[in-house]
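What follows is a short report on a single structure.
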Amino acid sequence: MKKLQILIIGLMIVTLALAGCTPPAEEPVVEEPVVEEPVVEEPEVEEPEVEEPEVEEPEVEEPEVEEPEVEEPEVEEPEPMNIALVPAGRIGMEGFMFLAGQGYKQAAADFGFEERVLESEEAEEWERNVRTVSQDGYDLVVGVGATMLDAVANVAPDFPDIMYALVDGYPGGDNTAGLIAQEQEGSFLAGALAAMMTTETSLENINEEKIIGFIGGMEVPSVVRWLSGFQQGAAYIDPDVQVQVAYVGSFRDPARAKELALAMFEEQGVDIIMSVSGSSGDVGVFEAVAETGFYGIGADVDWDDEVPGQILTSVLKRTDVAVYDIIARFIEGEFVTGEVMYGVASGVMDITDMANMGDAIPQSVRDTIDEIKEGITAGEIVVERPQ
């Protein structure tokens, strides 16, 4: 028994010793299951739209403030000036009177005055016409033609508050102006041309004589200026050139003008004539040019087409420019009494381009004319004005 107890105790000791040497058993890792919480979708609850009641704001009427009426001062427009044209002839016929009428009509259109033209070819009516418009209270009276000099001179002193202007003459006095075209400057160009062409014997009917002619309507100051310039121009080119002169005695006698021209061509050795015989007289001179085959030079307006190829040039006298200018000065308060000069530099006096003559007028001659014109404009060539 005792041995049995000792055996049991020995087994127990061995068993305990073995237990102490054996590593402890690992406890199994138990993974806890992941429990997904269910997603609970909350139902969308639409909030009811609550319409706010429209509150109408009461209309507050602003009191109308009446602006005080400011009366603008009435500006009285100045009444158009009363300006009359009184020519010593008819403005419907070609010539410087026609151009004067054109300048007057253009001024009436531009400045807004009513036209009044008293025209007559009868000398005894000229003064009466000037006095008529003066008595009617016109502000400015424009006469046309040197032959009206006495008519204006006799009437102007009786109406000191009226202004008078006369184309081609200066009546004198405190209330008159003379529109004096420097005809001598324009005719200087014509004289120079004639002096050069009278030696161009290659041109048909030009003879070897250095003789040219001048026919005027009447020996009045304006025509004397035409003649003087023609003579000075010829002498400028060649002092040996002679100028034959004749006067018709009228500006409306074409038959007499033609007779004088034929005499110059056929009896005096003239091959070029300048005509300052009035529009009627010029026609007579150019008839002689056409019949004889000689050459002419026109004045006042463009006559180049009258006898194509035989009118060397025309000296233009732009009275339309002068008349318009003096009316404009009067309306603008710049009217001056005394003589108002218009020459080559102002554009009132000039010559045509001689296009109808073509190559018959050499380029060297044309160049010389251009140089002379530039000299007159610049004051390097002074054309004397006869008194």
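The values are calculated or read from the model by the stated rules, or taken from the named source; none is laboratory data. Quantities reported herein were computed from a predicted structural model and do not represent experimental measurements. Here Cβ is always computed from backbone atoms with ideal geometry, including for glycine, and neighbour counts include all displayed protein chains. Protein only, heavy atoms only, side chains kept; ligands, DNA and RNA dropped before computing areas. Shrake-Rupley method; radii C 1.70, N 1.55, O 1.52, S 1.80 Å.
For region 315-322, the condition holds for at least one residue, the condition being that it is touching an Asp or Glu at 6+ places or on another chain (Cβ under 6 Å), of a type outside the set (Ser, Thr, Tyr) and open to solvent by 30 Å² or more (accessible area, probe 1.4 Å).
The single residue among Asp238, Asp271 that is buried (at least 21 other Cβ atoms within 10 Å of the Cβ) and acidic (Asp, Glu) turns out to be Asp271.
Among the conditions (1) within 17 Å of Gly293 (Cα to Cα); (2) open to solvent by 20 Å² or more (accessible area, probe 1.4 Å), Lys210 misses just one, which is (1).
Within the option set Ser202, Ser250, being assigned to a loop (DSSP other than H, G, I, E, B), free of Cβ contacts under 8 Å to residues at least 12 places away in the same chain and not aromatic (Phe, Trp, Tyr) holds for one residue only, Ser202.
Looking across region 164-206, the residues that are open to solvent by less than 40 Å² (accessible area, probe 1.4 Å) and over 22 Å from Gly229 (Cα atoms) come down to Tyr164, Ala165, Pro171, Gly172, Asn175, Thr176, Ala177, Leu203, Ile206.
Taking Val348, is it under 27 Å from Ile162 (Cα atoms), within 23 Å of the chain's Cα centre (by Cα) and modelled with pLDDT under 95? Yes; evaluated as a whole, the condition is true for this residue. Against the definition (of a type in the set (Lys, Arg), at pLDDT 60 or above and loosely packed, with under 15 Cβ neighbours inside 10 Å), how does Arg90 come out, yes or no? Taking the combined requirement at face value, the residue does not satisfy it.
Among the residues of region 336-357, not a single one is open to solvent by 10 Å² or more (accessible area, probe 1.4 Å), of a type in the set (Asp, Glu) and in a helix (DSSP H, G or I). Among the conditions (1) surrounded by 13 or more Cβ atoms within 10 Å (Cβ to Cβ); (2) under 28 Å from Val220 (Cβ atoms); (3) over 25 Å from the mean Cα position of the chain (by Cα), the only one that Val382 does not satisfy is (1). Taking region 263-317 and the strands (runs of 3 or more DSSP E) fully enclosed by it, the elements with 1 or more residues that are on the phi > 0 side of the Ramachandran plot and modelled with pLDDT under 95 are at 295-300.
Here is a yes/no grid of residues against (1) out of contact with any strand residue (DSSP E or B) (no Cβ under 8 Å at 6 or more places or on another chain); (2) under 18 Å from Gly298 (Cα atoms); (3) not polar (S, T, N, Q):
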site: Gly178; (1), (2), (3): no, no, yes
site: Gln182; (1), (2), (3): no, yes, no
site: Phe188; (1), (2), (3): yes, yes, yes
site: Ser202; (1), (2), (3): yes, no, no
site: Glu219; (1), (2), (3): no, yes, yes
site: Trp226; (1), (2), (3): no, yes, yes
site: Ile237; (1), (2), (3): yes, no, yes
site: Ser250; (1), (2), (3): yes, yes, no
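If I go through region 358-387 residue by residue, how many of them are over 13 Å from Met197 (Cα atoms), part of a helix (DSSP H, G or I) and among the acidic types (Asp, Glu)? Residues meeting the conditions: 4. The single condition from (1) surrounded by fewer than 23 Cβ atoms within 10 Å (Cβ to Cβ); (2) part of a helix (DSSP H, G or I); (3) not acidic (Asp, Glu) that Gly229 fails is (1).
If I go through region 122-151 residue by residue, how many of them are closer than 25 Å to Glu79 by Cβ and either among the polar types (S, T, N, Q) or touching a Gly at 6+ places or on another chain (Cβ under 6 Å) (or both)?
Qualifying residue count for the region: 4.
Among the residues of region 212-238, those that are closer than 18 Å to Ile311 by Cα and of a type in the set (Val, Ile, Thr) comprise Ile212, Ile215.
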